[in-house]
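One structure is given below, encoded as structure tokens.
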């Protein structure tokens, strides 16, 4: 099966969002009321904070990312994927030594190692600036294996579907959603965020994650803003034509759609000027980012924008970067290691850049993906799964720790709904709520931003990793 094409998914998301935005002129008073609902303490923050979602499109293989290392779990891992497993010896240099050993549901301590290609992340973990989230995935409410099998509780829609699970991860709704939890956080903070254009920033195209009711994601390239061609150079080769366009953009019309188009175009032209000036005046970043690594290029642009946050007038920012290729139905041992190396090199460089810029304590990055994959092999690959393992990095992260419960590594075990598909024990909503709380959202805000959060015990909603 071919890898999921994230550009196709982005195109569909863009068309849905464009359709929704066409009504923005009519819905403006309602949207403004939503923004006004933000609590003053959250919307008028005086410090700077940013979260950076690193989305791995295609469904990352959790089994060869965070590998069971203790003897009993490693033996089960190797038995379930005899032709796909790392050798025990190859993992000896990337063993994670947490401050508190993770304990599974049966009370046994467990040990993990990073895939060897993730070695650049080990110093960050050891320094206490990276945490590991175990068995997280899309859930409507806490769910046992018996409840799943008997379908006695609501389950996430269209499990194991790329497009839908990408959307559920990013928005809590299946494909067709018009807002994501990153964008809804943008709605909350943009009223006190100075220049609201730069609240939600996407460096990889378009994603429902950053779509809000009032917040509109601002798309940039790895080299900077993406100007309208007519504003970047003479339109049709004529300075007069470009000047005429500028004049048209300053006028209003009785047509709602024409006004909205003009507003968006003018916003793009103004933002291009502001961002170009801010980046030109920003500090030089000496941290070396990996060559020929698009994710690294995206994260370097994020670092540059963060370094220019004061010039951009931003106090709270939500960023989205991504990488594709993780739909490893085949060639797992040949494709996946290279993907992980690209992720590790990019994330470690980004963290080091935030340290260099003096903003490490203000920036938290985290990984996400469609779903995990099966632990049982499928020839030379793995199939679509559910729960997975993810990483959180930043100066504010309570690192060198695991969060969540280690899953049992066993065929048809208590955490396995088939072929090593993990039944999540931690929800995306809890993951998101922890990040939102750190940004400054209140408990009340979070319940409105994350529709499934109310189904989880109040004491478990904040996972505590920041």
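Quick note: the coordinates plus some simple rules give every number you see, no bench work behind them. Nothing here was measured: the structure is a model prediction, and the numbers come from that model. Cβ sites come from the backbone with ideal geometry, for glycine too, and all protein chains shown count toward neighbours.
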Handout entry: For peptides 319-327, 368-376, sequence by mean Cβ density within 10 Å, most packed first
Key = 368-376, 319-327
Practice task
For segment 135-198 and segment 433-466, compute the distance between their C-alpha centroids and round to whole Å.
Solution key: 13 Å
Practice task
Mind running the shape call on segment 92-233? Use the C-alpha gyration tensor, a ≥ b ≥ c as the square roots of the eigenvalues: rounded below 1.5 for a/c, prolate if a/b tops b/c, oblate otherwise.
Solution key: oblate
Handout entry: Rg(Cα) / (2.2 N^0.38 Å) computed for segment 115-189, rounded to two decimals
Key = 1.48
Handout entry: Added length on full extension, which subtracts the Cα-Cα distance from 0.36 nm per residue, residue 126 to residue 443
Key = 111.0 nm
Exercise for the section: Mind pulling up the Rg/Rh value for segment 417-466? Radius of gyration and Kirkwood radius, both on Cα. Expected result: 1.06
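Quote the FRET efficiency, to the nearest 0.05, computed for residue 106 versus residue 155 with a Förster distance R0 of 35 Å and r equal to the Cβ-Cβ distance. Could the numbers behind the result be given before it?
Details: r = 25 Å, r/R0 = 0.72.
My answer for the efficiency is 0.90.
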Practice task
Could you order peptides 307-318, 199-210, 140-151, 269-280 by the average number of other Cβ atoms within 10 Å of their residues, highest first?
Solution key: 199-210, 307-318, 269-280, 140-151
Problem - Radius of gyration, Dmax [segment 47-104; alpha carbons; angstrom] - result: 15.4, 51
Fill in the blank from the handout: Two pseudo-spin positions, 7 Å from Cα along C-beta at residue 270 and at residue 455, lie apart in nanometres by 4.1 nm
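By how many nm would the segment from residue 277 to residue 48 grow when fully extended, if each residue of separation counts as 0.36 nm and the alpha-carbon distance is taken off?
On the way: separation 229, 0.36 × 229 = 82.44 nm, distance 2.02 nm.
My answer for the length gained is 80.4 nm.
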Handout entry: Pairwise label distance in nanometres, residue 361 with residue 92, each label 7 Å out on the Cα-Cβ vector
Key = 4.0 nm
